[in-house]
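The values are calculated or read from the model by the stated rules, or taken from the named source; none is laboratory data. Remember, it's a predicted structure, so these values are computed and weren't measured experimentally. Every residue, glycine among them, receives a Cβ derived from its backbone with ideal geometry; neighbour counts consider all protein chains shown. Ligands, DNA and RNA are excluded from the accessible area calculation, which covers all protein heavy atoms including side chains. Shrake-Rupley method; radii C 1.70, N 1.55, O 1.52, S 1.80 Å.
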Amino acid sequence: MRWFLLLLLLLNAFYYVWHQQQAPLRAKEVAPASSYQGARKDIRLLSEAESPRLPARQPEVEPQAAASEAAVCLFLGSFEEESRARVVEQRLLSLDIQAEVHGIDAAAGVEYW
């Protein structure tokens, strides 16, 4: 077993030397960093660009959404049975949270959210 291990090590060393003679290492050319910094100055966000073609956009805020920042829509689910989804709906309604159950046709069957 020792001889077999030594033979493998010897063959590995021979292969390494032979491979290095076939394809010697070449120095890789690296572009100077100044070319990258010059290109970086040209990149800007569209909202920051001062272009005559693009009008300045004002953020659209609905008055109702601005008045109540707590208005959030959450999806609870992936219930396999409609009865479980209805139980969650009743719990939310008892806490004065508006809730609805929607059935969605999935590949594996109908899911309720």
**Message:** Regarding the stretch 68-84, can at least one residue be identified that is at pLDDT 80 or above, of a type outside the set (Phe, Trp, Tyr), within 28 Å of the chain's Cα centre (by Cα) and open to solvent by less than 80 Å² (accessible area, probe 1.4 Å)?
**Reply:** no
**Message:** For the stretch 69-80, give me each residue that is of a type in the set (S, T, N, Q) and not in a loop (DSSP other than H, G, I, E, B).
**Reply:** none
**Asked** Residues GLN21, GLN64: which one is open to solvent by 100 Å² or more (accessible area, probe 1.4 Å), at pLDDT below 75 and in a helix (DSSP H, G or I)?
**Response** GLN64
**Asked** What number of residues in the stretch 81-101 are within 11 Å of TRP113 (Cβ to Cβ), assigned to a loop (DSSP other than H, G, I, E, B) and not acidic (Asp, Glu)?
**Response** 2
